[in-house]
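Reviewing the structure listed below.
The values are calculated or read from the model by the stated rules, or taken from the named source; none is laboratory data. Given the structure is predicted, the values throughout are model-derived calculations rather than measurements. Positions of Cβ are generated from backbone atoms using ideal geometry, with glycine treated the same way; all protein chains shown enter the neighbour counts. For the accessible areas, the whole protein counts, side chains as well, though only heavy atoms, and no ligand, DNA or RNA atoms are used. Shrake-Rupley method; radii C 1.70, N 1.55, O 1.52, S 1.80 Å.
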Amino acid sequence: LDLIDLNIVMYRTDGEEMDATSGAIGAYDVPGMGKLTYCGLEGWMHPLRNVIKYNDLGHSLCGHLRQGTWAMGYIPDRFFKQATQFPHLAAPAKWLTERFERVKSTVPPYLRPKYFAIIISEAYKTARRVAIEQCSDFVSSGHSFTQDLALVAVQMHGVVQSASLDPEKQTPSLAAGLPHFSSGWARCWGRDVFISLRGLFLTTGNFEFAKRHILAFASTLKHGLIPNLLDSVRNPRYLMLTPEWKRH
């Protein structure tokens with residue numbers, strides 16, 4: 001899995017997923033809890049961390065898992081459906097399917113939350129390790145807090161249909177913020193990209209991603225300005241802010 005694959009595996013908000021799949025897939029909705037923050041493994045780990053830590057078997061997610069195996073179908077199916085565009089997703093989809101099938105066929109309903117948590121947490125830890133291994137030595141050999149910060153680069157950088165660094169094809173782009181700036185003309189902001197580029201790309205060693213963003217914005221240079229809204233290089237928007245005292 002590369003870092004773009006891992007963006008899908010670990011993250012993607014509801015808006016990003018809906019955009020990337022033409023509305024075919026969205027964030028999973030757990031009855032009594034609501035939609036997950038992310039469609040990927042981090043979306044499941046967010047509630048599972050407390051379930052595991054406090055043995056909270058009364059949690060809405062645990063009740064949902066005891067009632068049925070819908071969640072166990074959603075997770076690998078999401079990868080399978082996108083494997084045509086991202087072929088590396090087929091392997092984790094197969095891995096998850098095999099383990100969930102064992103749970104469905106052999107584990108009584110009251111034990112499903114336990115085995116679901118084991119499978120998801122192991123998959124998440126592996127995905128996290130794979131992401132960190134692709135970062136700079138400073139990150140990969142650093143403190144866990146540094147590594148947690150580096151994962152933001154995976155979280156914020158991915159492929160959606162409506163926002164690209166190339167007007168002719170889909171390419172990965174940075175989101176200015178999630179979940180609100182997940183897609184469309186409002187996803188990729190010049191200000192936010194260049195404030196965060198040093199930390200998200202240079203410090204983590206992802207120089208190619210940094211280069212692509214610099215060149216995309218440089219291609220739209222106008223009167224010394226780069227656009228505040230890139231809009232896939234098709235309709236860049238430039239913004240000049242006037243100091244408050246000059247407005248009066």
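Determine the per residue accessible area of the chain with all protein chains present and a 1.4 angstrom probe, expressed in square angstrom. Can you show the working numbers first?
Working: 12790 Å² over 248 residues.
The answer is 52 Å² per residue.
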**Asked** With all protein chains present, how much of the accessible area of the chain (probe radius 1.4 Å) comes from carbon and sulfur, to the nearest whole percent?
**Response** 57 percent
**Complete:** Counting only protein heavy atoms and leaving out ligands, DNA and RNA, the solvent-accessible surface of Cys188 at a 1.4 Å probe, in Å² to the nearest 10, equals 10 Å²
**Prompt:** Over the heavy atoms of Ser219, what accessible area does a 1.4 Å probe trace out, to the nearest 10 Å²?
**Reply:** 80 Å²
**Fill in**
Between the alpha carbon centres of the stretch 166-200 and the stretch 53-76 the gap in Å comes to 33 Å
**Request:** Calculate one ³J(HN,Hα) per residue across the stretch 130-143 by plugging θ = phi - 60° into the Karplus curve 6.51 cos²θ - 1.76 cosθ + 1.60, and present them in order as whole Hz with x for glycine and proline.
**Result:** 4, 5, 5, 5, 8, 9, 5, 4, 4, 7, 5, 9, x, 5
**Selection of trypsin sites (Lys or Arg not before Pro), the stretch 152-193, meeting DSSP coil and at most 10 other Cβ within 10 Å** = Lys169
**Request:** Could you size up the charge dipole of the stretch 25-137 around its Cα centre, putting +1 on the beta carbon of Lys and Arg and -1 on that of Asp and Glu, and report it in debye to the nearest 20?
**Result:** 240 debye
**Item:** Amide H contacts of Leu229 (H built 1.01 Å from N, under 5 Å, at least 5 apart or other chain)
**Value:** Gly190, Arg237
**Hits among lysines - C-alpha to C-alpha of Lys222 under 22 Å, sequence gap 8 or more where chains match** = Lys211
**Message:** From the helices alone, meaning DSSP H stretches of at least four residues, give me the mean residue ellipticity at 222 nm for the chain, per-run term -39500 (n - 2.57), in deg cm²/dmol to the nearest 500.
**Reply:** -15500 deg cm²/dmol
**Prompt:** Say a paramagnetic label sat at a point 7 Å from the Cα of Lys169, along Cα to Cβ; which residues of the stretch 1-22 have their backbone N under 17 Å from it?
**Reply:** 4-5
**Prompt:** What angle do you read, to the nearest 10 degrees and between 0 and 90, between the alpha-carbon axis of helix 70-82 and the longest principal axis of the chain?
**Reply:** 40 degrees
**Fill in**
Karplus-derived 3J(HN,Hα) from phi for the stretch 49-60 (6.51 cos²θ - 1.76 cosθ + 1.60, θ = phi - 60°), whole Hz, x at Gly and Pro, runs 4, 6, 4, 5, 5, 10, 6, 7, 6, x, 5, 4
**Item:** Selection from Pro236, Asn206, Ile119, by position along the positive dipole direction of the chain (Cβ)
**Value:** Ile119
**Message:** If I build a Gaussian network model for the chain, linking alpha-carbon pairs within less than 10 angstrom, which residue out of Val154, Val193, Val107 has the largest mean-square fluctuation?
**Reply:** Val107
**Prompt:** Ser60 accessible area, nearest 10 Å², 1.4 Å probe?
**Reply:** 40 Å²
